Amino acid sequence: MNETNAGGVRQRSVEIVVPVHNEAHVLGDSIGRLHAHLEASFPFPFRITVADNASTDATWQAATGLTARLPHVHAVHLEAKGRGRALKYVWSRSEADVVAYMDVDLSTGLDGFLPLVAPLLSGHSDLAIGSRLHRQAAVVRGPKREFISRSYNLLLKLGLAARFSDAQCGFKAVRTEVFRALAPHIEDSTWFFDTELLVLAERNRLRIHEVPVDWVDDPDSRVDIVATAVDDLKGMGRMQRRILTGRTRVALPPRSGTAHVTGRHPRGRIPGARPRWGRGSRGRRAHVAPHGSRRPARPGESGVSGPRGRGARQVPRLPVAVAAVGSALVGLTPLITTVGADLGATAPASP
């Protein structure tokens, strides 16, 4: 996978993970389509890794058969279920510069893959996500999934001050060195893994690139949407507590040409940090927040891990009032899931 060009320079590479559980009936066709697409149009070295999450059918046999037939396909088997567990296992061990994943049903159009990973390969961005809620996305899905997805992402914005638009689209990528820094701080091993990764990235001022996707709902999906939504909302409450107690700071590697400030400055303040209140030219008391300050950081404040100034992304702070609103909305989970279930029961089947 680590190849060199004619000048002897190593080319940047991508590893695409496809997590599967009991998907023997679609695995061969999906991986064959993905492999053919990448060989025909993807200009970087790549590897496709099928991550079997404790399947009980013939998924593992199908995966090993693909590795024998297709040159860029590999497979790993895990004894426990969990999409997050599979991604964490493979991504942490990858030798590629960028790691990505997509769902086995290939609901997301493959033409969006190069736009997804290109900003990461260039060093411009740190993470990239496909968004079904972007205004330029083309999405075909039923009202039940639409309602729950939009409700969940609204809760993330209100409860966690999230700025990304779609947490759970199965089409994401991250620079490998960035993921290795974030991985020890990600607690969830199932569906909330994606959200936790994105929230940690955003709280540490990493650049998140969004790509509008073409997405068609898979009518054969066996995901328990309501149960997954409830688990995600529980994870959201846990992330609220981590943010409010200041447990989201991560020491990160620098982006190309960018130095992340992750520790105390020799003179006791972070370069570029502005006083929030203090005695300066107008006689007010000086204060630099949050590190190297004259008081400890308040709950919810985040430090600087990147450059400030025009174009620099600012970490959204989480005021107590916003956290209270988020907690109240989390309490509406039974209503949201009940309405979503009712919509699914009364609506016609997805096209």
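Annotations for the structure displayed:
- Accessible area of region 28-113 belonging to carbon and sulfur atoms, whole % at 1.4 Å probe: 49
- Here's the list of aspartates and glutamates a cross-link from Lys157 could span, going by alpha-carbon distance under 19 Å and ignoring same-chain residues fewer than 8 apart: Glu146, Asp166, Asp194, Glu196, Glu202, Glu210, Asp231, Asp232, Glu301.
- For region 84-194, the solvent-accessible area works out to 34 Å² per residue, with a probe of 1.4 Å and every protein chain left in place.
- Base-10 log of normalised Debye intensity for region 30-71 (one unit scatterer per alpha-carbon) at q = 0.16, 0.19, 0.26, 0.34 Å⁻¹: -0.46, -0.61, -0.96, -1.28
- One chain, two ends: Thr190 and Arg150. Fully extended at 0.36 nm per residue, the span grows by 12.4 nm beyond their Cα-Cα distance.
- Alpha-carbon Rg/Rh ratio, for region 1-69, with Rh computed the Kirkwood way: 1.07
- Between Gln61 and Arg163, the C-beta separation translates, for a Förster distance of 45 Å, into a calculated FRET efficiency of about 0.55.
- Simple spin-label estimate for Val76 and Arg135 in nanometres, 7 Å along Cα-Cβ: 4.0
- Pairs of alpha carbons in region 35-122 whose separation is greater than 19 Å (percent): 44
- A convex hull fitted around the alpha carbon atoms of region 101-221 yields 109 Å³ per residue.
- Candidate lysines - alpha carbon under 21 Å from Lys88, same-chain residues fewer than 8 apart omitted: Lys172, Lys234
The values are calculated or read from the model by the stated rules, or taken from the named source; none is laboratory data. In this text, all values refer to a predicted model and were calculated from it rather than measured experimentally. Positions of Cβ are generated from backbone atoms using ideal geometry, with glycine treated the same way; all protein chains shown enter the neighbour counts. In case anyone asks, the SASA skips ligands and DNA or RNA and just uses the protein heavy atoms, side chains included. Shrake-Rupley method; radii C 1.70, N 1.55, O 1.52, S 1.80 Å.
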